[in-house]
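**Q** Provided herewith is a single structure, encoded as structure tokens, for subsequent inquiry.
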Ligand SMILES: *Cc1c(COP(=O)(O)O)cnc(C)c1O
């Protein structure tokens with residue numbers, strides 16, 4: 001048995017998702033046989049003679065721990081290229097640097113607040129234009145895209161309204177004007193949805209969320225199949241340098257190993273929470289793609305393996321009761337972010353989406369978002385029950 005057993009994982013498609021999450025890109029350490037990818041802290045790498053090296057020169061450009069993460073998560077997305085960054089925003093910024101003044105971005109009208117902030121407040125002063133479009137209406141999208149459109153940016157399910165966007169239909173529309181389709185796959189994860197196989201050009205992740213999965217590491221990722229674009233992005237990754245540390249890369253890689261089993265439980269518990277919420281008189285409307293009357297349910301069934309761990313809902317009586325509810329839970333922790341083992345509750349209008357107030361991406365102030373974690377489902381339901389009872 002050779003110590004270096006990675007060759008059998010070179011053909012990613014030959015192995016199941018869970019197997020690749022644990023093994024792809026993670027050869028046993030040649031010098032020791034260590035089963036776990038080492039955290040490679042070296043900033044520089046020996047050269048046998050000038051120009052002769054083992055593929056590593058300087059750690060901003062590449063380092064072995066990052067390579068393992070990049071190869072593993074690229075494999076999970078069905079991508080031939082993967083690039084890891086210091087945060088989701090760093091990944092987004094690096095990709096958006098491929099644009100030039102005069103280029104236009106079409107953003108879904110229910111996007112992550114930070115994506116809106118980056119585009120509207122950082123890229124616009126640099127000459128990029130943008131518009132927010134309802135991407136559930138693909139005919140409307142076709143009419144709304146100016147000829148300068150270079151990027152259509154999709155989140156699905158969206159944040160925080162959990163609207164489902166038809167990736168294949170939007171990809172076709174984007175390609176008809178020569179634009180690239182970027183899908184932010186943070187909410188779904190590659191376990192539930194693989195956008196490249198549906199026609200997307202680039203997948204972006206905040207690995208801070210489900211991929212890391214334990215609220216202890218910030219990171220971002222780009223996955224794609226276009227080799228020319230990948231070379232441009234590798235150049236930008238090196239030139240801009242928005243890369244995470246080897247320890248960050250290690251933690252994200254560690255999180256990926258359990259992504260599949262965590263997602264299964266997140267999905268089951270979120271479904272139970274969504275059903276509970278529909279039974280409460282204090283709730284006006286529940287947003288969860290797994291509910292059969294959710295407008296995106298059919299598309300979600302087609303393009304996702306399951307419906308994810310996020311649930312949003314509108315509280316009767318408006319902002320006052322919504323704010324009180326967010327402060328009244330005990331197992332659900334009042335905090336931003338999502339996708340980790342602990343359940344979180346937040347008020348998007350005043351928290352994650354505060355930067356979108358007054359923009360087309362503003363969210364209603366009676367909305368509450370839950371990230372359903374991995375605690376006992378009975379404790380989660382009991383916690384919400386006591387919080388509603390105290391309103
Ligand atoms: C958190 C998040 C981001 C930004 O990622 P960071 O890791 O916080 O920089 C982008 N998109 C979505 C959907 C997110 O939830």
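The values are calculated or read from the model by the stated rules, or taken from the named source; none is laboratory data. Just so you know, these numbers come straight off a predicted model, no measurement behind them. Cβ placement follows ideal geometry from the backbone for every residue including glycine, while neighbour counts extend to all protein chains displayed.
**Q** For the subset of the range 195-225 comprising residues that are more than 13 Å from the ligand (Cβ to nearest atom) and over 24 Å from residue 306 (Cβ atoms), which member is surrounded by the most Cβ atoms within 10 Å (Cβ to Cβ)?
**A** Residue satisfying both the conditions and the ranking: 224.
**Q** Check off (1) within 15 Å of the ligand (Cβ to nearest atom); (2) free of Cβ contacts under 8 Å to residues at least 60 places away in the same chain; (3) at positive phi for residue 127 and give me the number that stays unchecked.
**A** With respect to (1) within 15 Å of the ligand (Cβ to nearest atom); (2) free of Cβ contacts under 8 Å to residues at least 60 places away in the same chain; (3) at positive phi, residue 127 is out only on (1).
**Q** Which residue, of 64, 125, 101, is over 18 Å from the mean Cα position of the chain (by Cα) and over 22 Å from residue 230 (Cα atoms)?
**A** Testing whether each residue is over 18 Å from the mean Cα position of the chain (by Cα) and over 22 Å from residue 230 (Cα atoms) leaves just 125.
**Q** Answer with yes or no whether residue 119 is modelled with pLDDT of 95 or more, farther than 19 Å from residue 237 by Cβ, in contact with a helix residue (DSSP H, G or I) (Cβ under 6 Å, 6 or more places away or on another chain) and assigned to a helix (DSSP H, G or I).
**A** no
**Q** Quick one: which of 114, 108 is within 15 Å of the ligand (Cβ to nearest atom) and buried (at least 19 other Cβ atoms within 10 Å of the Cβ)?
**A** Only one candidate qualifies: 108.
**Q** If you don't mind, another one. Scan the range 135-148 and give yes if some residue there is within 16 Å of residue 96 (Cβ to Cβ) and in a strand (DSSP E or B), otherwise no.
**A** No: the range 135-148 contains no residue that is within 16 Å of residue 96 (Cβ to Cβ) and in a strand (DSSP E or B).
**Q** Of the residues 325, 361, which is touching a helix residue (DSSP H, G or I) at 6+ places or on another chain (Cβ under 7 Å) and in a helix (DSSP H, G or I)?
**A** Result of the check over 325, 361: 325.
**Q** Of the numbered conditions (1) surrounded by fewer than 18 Cβ atoms within 10 Å (Cβ to Cβ); (2) touching a helix residue (DSSP H, G or I) at 6+ places or on another chain (Cβ under 6 Å); (3) modelled with pLDDT under 95, residue 7 satisfies every one except a single condition; which is it?
**A** That leaves (2) as the condition not met.
**Q** Still on this structure, I have one more. Applying the selection to the range 168-194, what residues are without any contact (Cβ under 8 Å) to a residue 40 or more places away in the chain and within 14 Å of the ligand (Cβ to nearest atom)?
**A** Listed by number, the list holds a single entry, 183.
**Q** Turning to a different aspect of this structure: Which residue is nearest to residue 223 (Cα to Cα), if the candidates are limited to the range 174-190 and must be buried (at least 24 other Cβ atoms within 10 Å of the Cβ) and out of contact with any strand residue (DSSP E or B) (no Cβ under 7 Å at 6 or more places or on another chain)?
**A** Here the residue is 190.
**Q** Among 311, 363, 341, 357, which is the only one that is surrounded by 17 or more Cβ atoms within 10 Å (Cβ to Cβ) and out of contact with any strand residue (DSSP E or B) (no Cβ under 7 Å at 6 or more places or on another chain)?
**A** One residue alone meets the criteria, 363.
**Q** So which residues in the range 51-96 are within 16 Å of the ligand (Cβ to nearest atom) and assigned to a loop (DSSP other than H, G, I, E, B), if there are any at all?
**A** Correct list: 77, 86, 87.
Let's see how each residue does on (1) surrounded by 19 or more Cβ atoms within 10 Å (Cβ to Cβ); (2) touching a strand residue (DSSP E or B) at 6+ places or on another chain (Cβ under 6 Å):
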residue	(1), (2)
264	no, no
274	yes, yes
278	no, yes
285	no, yes
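**Q** Can I ask one more? Taking residue 325 as meeting all but one of (1) more than 14 Å from the ligand (Cβ to nearest atom); (2) surrounded by fewer than 16 Cβ atoms within 10 Å (Cβ to Cβ), write down the number of the exception.
**A** Status for residue 325: all satisfied but (2).
**Q** Can you pull out every residue in the range 366-381 that is surrounded by fewer than 20 Cβ atoms within 10 Å (Cβ to Cβ) and touching a residue at least 40 places away in the same chain (Cβ under 8 Å)?
**A** 374, 375, 377, 379, 381
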